[in-house]
Amino acid sequence: GGTITLSVGHRVGGGIEIAVTDTGAGMRPVDIARILATTPGAAGPAPIRIAGGHPGAGIGLPLVRQLIEAHGGALSIDSVAGRGTRVSLLFPSDRVVRP
């Protein structure tokens, strides 16, 4: 019954922002910190439960963070438990191909 929205936009300075917003369970700040502290490829994180009791392996966001940082960009997470999450990938201008 929720929604997922994908948006793409230009940033000041010529970069690009790709964002995914959902109206799902959301995450508490402590959940975000724990998830982002996970290192993909390590022995493997313990399964986690975020707000609403939804299980997850906890490797998706750390993997995305490492990929975006390898391109000189950044990952941004804005979430409210019980209300949803917005995850943004911020690409710098030198990673944007102009027509």
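For segment 25-31, what does the Karplus curve 6.51 cos²θ - 1.76 cosθ + 1.60, with θ = phi - 60°, yield as ³J(HN,Hα) per residue in whole Hz, taken in order and with x for Gly and Pro?
5, x, 9, 7, x, 5, 5
Going by accessible area, probe 1.4 Å, with all protein chains left in place, what is the ranking of Thr21, Thr5, largest first?
Result of the area sort, largest leading: Thr5, Thr21.
Using amide H atoms built in the peptide plane, which far-off residues or other-chain residues are under 5 Å from Ile16 H to H?
Under 5 Å from the amide H of Ile16 lie the amide H atoms of Arg11, Phe91, each far enough along the sequence or on another chain.
If you stretched the chain out fully between Ser76 and Arg95, how much longer would it get, using 0.36 nm times the residue separation minus the C-alpha to C-alpha distance?
Contour length minus the Cα-Cα distance gives 5.1 nm.
The values are calculated or read from the model by the stated rules, or taken from the named source; none is laboratory data. Quick caveat, the model's predicted, so the values are computed rather than measured. Protein only, heavy atoms only, side chains kept; ligands, DNA and RNA dropped before computing areas. Shrake-Rupley method; radii C 1.70, N 1.55, O 1.52, S 1.80 Å.
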